[in-house]
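Heads up: the structure comes next, in structure tokens.
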Amino acid sequence: MTRQALSVASECVPLVKTGGLADVVGALPGAMAGQGWALRTLLPGYPAVLKQTGQGTIVWSDDDLFGGPASLRAMQAAGLDLLILDAPHLYSREGQIYLDTNGRDWPDNPKRYAALSWVAAAIADGALPDWRPEIVHVHDWQAALTPTYLRMRNAQTPTLLTVHNVAFHGNAPAEWLEALRLPADRFTAVGFEFYGQISALKAGLVDATAISTVSPTYARELLDPSFGMGLDGVIATRASVLHGVLNGIDTAIWDPATDPLIKPYKTPRGKARNRAALIETFGLEAGAEDGPLCIVVSRLSDQKGLDILAEAVPRLLEAGGMLALLGSGDPVLEARFQDLADAYPRVGVRIGYSEPLSHQMFAGADAVLVPSRFEPCGLTQLYGLRYGAVPVVARTGGLADTVIDANTMALNAGVATGLQFGPVTAEALGHALDHLVALYRQPAVFARMQRNGMAQALGWGPSAAVYADIYAKLTG
Ligand code: ADP
């Protein structure tokens with residue numbers, strides 16, 4: 001018999017995405033269906049989402065959800081079973097989902113997502129006449145107050161909090177306790193107080209029945225003060241219910257043999273036409289002695305370590321390499337890469353967000369660079385593996401778990417899939433890039449690495465089984 005679960009998040013592919021969280025939330029229902037679990041996904045009713053899903057059927061409403069009327073719309077859309085929280089005073093806005101048109105966080109973000117969590121708790125506690133989940137799976141700080149609200153209701157529904165990035169806490173000033181409908185007596189060090197503020201993520205870490213994160217290495221790192229962003233101590237108190245479950249990718253969407261956005265191929269050799277197209281798209285000055293064409297597809301933020309890549313670019317170019325970057329975010333980094341593109345004909349930069357261009361980049365690239373300072377799982381190295389773009393990654397989090405470093409033993413055994421480096425410095429990255437170029441100049445060795453990567457099992461199967469195991473334990 002199929003069992004019922006509610007998944008709660010602020011973004012979900014293909015409806016709305018700012019990062020890897022959306023990929024995971026969008027892929028989980030399909031993956032869990034194979035494990036006997038039907039997931040219903042609760043999302044905020046951003047205008048762009050409602051435009052794609054249609055109006056559905058109203059299954060619940062409230063005259064005053066954190067300051068305005070709200071309703072829940074149920075529908076099937078984009079292959080998902082959805083509950084969309086339509087609350088115009090919270091979600092119907094110009095700009096991005098988290099940011100206003102000036103690129104600043106919406107000041108009421110804590111309230112916008114507390115409302116989402118409030119409704120999730122209501123659903124879990126029986127607010128819908130004909131559906132009730134056995135478990136609630138909440139993602140990141142935006143859904144992390146759900147376990148706390150359930151606790152306030154004395155509801156027994158178990159919860160799993162998945163931490164996709166511990167850097168984002170969803171903090172609010174202490175004065176917002178009432179506005180967020182939170183009990184003052186739990187605004188303490190063992191509750192959801194965090195350095196004088198209300199922390200949604202901490203609330204979830206304390207109150208969720210179990211916690212997971214998106215790779216085994218990041219699960220260990222979360223206990224370490226240098227990665228835990230101040231929450232390592234809290235997480236340590238929950239270590240017995242902390243799981244590291246590696247993200248998969250949607251191998252139907254990300255399949256170089258059938259991808260409609262590229263010139264499809266099944267072997268590394270088949271990448272050549274895509275490589276030529278990519279060189280043209282970015283207007284790169286290519287020549288006969290070319291080294292590897294490297295790409296970056298990323299948010300431009302301090303986490304991603306792209307400042308050290310900027311430092312290492314001259315060294316990559318001297319060795320014959322090329323760089324094409326697609327990303328947006330930090331204006332300082334945007335300008336820095338734009339300057340590099342202006343200075344060097346073998347560097348191309350697109351500031352912006354483009355799903356189709358990202359596919360074309362993985363298809364055309366020889367290597368994908370991911371020099372993150374921390375990386376809970378990381379998806380672009382997985383897309384790189386799948387598309388024969390050899391990942392060069394920092395040895396951290398999910399990057400360490402998914403790329404087999406081309407050390408001597410791995411090369412001799414013919415199992416290497418990429419390169420790992422550490423620490424995250426321009427010097428260490430420069431060494432890795434020198435190594436990449438040297439491997440690239442040995443076509444048989446390089447093609448072997450590409451083939452190894454393309455043959456990796458990157459789908460959701462194994463991880464869905466682990467989640468099913470966790471769900472089963474929590475629901476008894
Ligand atoms: P994070 O969630 O920290 O941003 P991940 O590697 O887990 O990092 O996921 C990022 C996702 O967003 C990947 O699917 C990646 O391809 C995509 N992405 C990031 N920046 C862009 C961009 N500028 N254009 C298209 N896709 C992007």
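The criterion of being within 16 Å of the ligand (Cβ to nearest atom), buried (at least 16 other Cβ atoms within 10 Å of the Cβ) and either modelled with pLDDT under 95 or within 22 Å of the chain's Cα centre (by Cα) (or both) does not hold for residue 205. Restricting the first member to region 387-407 and to residues that are crowded, with 24+ Cβ neighbours inside 10 Å, and the second to residues that are in a loop (DSSP other than H, G, I, E, B) and of a type in the set (Lys, Arg), the beta-carbon pairs closer than 8 Å and six or more apart or on different chains are 394/373; 396/373.
Taking the condition in a loop (DSSP other than H, G, I, E, B), over 21 Å from residue 253 (Cα atoms) and more than 16 Å from the ligand (Cβ to nearest atom), does residue 55 pass? Write out each step before concluding.
Working: in a loop (DSSP other than H, G, I, E, B): yes; over 21 Å from residue 253 (Cα atoms): yes; more than 16 Å from the ligand (Cβ to nearest atom): yes.
When the stated conditions are applied, residue 55 passes them.
Of the residues that make up region 206-226, is at least one assigned by TED's automatic domain parsing to the domain that holds residue 181, under 30 Å from residue 266 (Cα atoms) and not polar (S, T, N, Q)? Yes: region 206-226 contains one or more residues that are assigned by TED's automatic domain parsing to the domain that holds residue 181, under 30 Å from residue 266 (Cα atoms) and not polar (S, T, N, Q). From the list 136, 190, the lone residue that is surrounded by 24 or more Cβ atoms within 10 Å (Cβ to Cβ) and either assigned by TED's automatic domain parsing to the domain that holds residue 111 or of a type outside the set (Gly, Ala, Ser) (or both) is 136.
Answer yes if at least one residue in region 452-468 is in a loop (DSSP other than H, G, I, E, B), farther than 15 Å from residue 366 by Cβ and aromatic (Phe, Trp, Tyr), and no otherwise. Within region 452-468 (the criterion being in a loop (DSSP other than H, G, I, E, B), farther than 15 Å from residue 366 by Cβ and aromatic (Phe, Trp, Tyr)), the answer is yes, since at least one residue qualifies.
Search region 3-33 for residues being among the β-branched types (Val, Ile, Thr) and out of contact with any helix residue (DSSP H, G or I) (no Cβ under 8 Å at 6 or more places or on another chain), and hand back the single one that is surrounded by the most Cβ atoms within 10 Å (Cβ to Cβ).
Step by step, filter region 3-33, then rank; the result is 25.
Selection of region 379-425 for residues being of a type in the set (Asp, Glu) and over 16 Å from the mean Cα position of the chain (by Cα) yields only 405.
How many residues are more than 11 Å from the ligand (Cβ to nearest atom) and outside any loop (DSSP other than H, G, I, E, B) if we restrict to region 357-390? Going through region 357-390 one residue at a time, the tally reaches 7. Of the residues examined, residue 310 is not one that is surrounded by fewer than 20 Cβ atoms within 10 Å (Cβ to Cβ), among the small types (Gly, Ala, Ser), away from the ligand (no atom under 16 Å from the Cβ) and in contact (Cβ under 8 Å) with a residue 60 or more places away in the chain. Applying the condition of being more than 17 Å from residue 47 (Cβ to Cβ) and charged (D, E, K, R) to region 64-85 and asking which residue is surrounded by the most Cβ atoms within 10 Å (Cβ to Cβ) yields 81.
The values are calculated or read from the model by the stated rules, or taken from the named source; none is laboratory data. Owing to the predicted nature of the structure, the values given are computational and were not obtained by experimental measurement. Don't worry about glycine lacking a Cβ; one is built from the backbone with ideal geometry, like all the others, and counts go over all protein chains shown.
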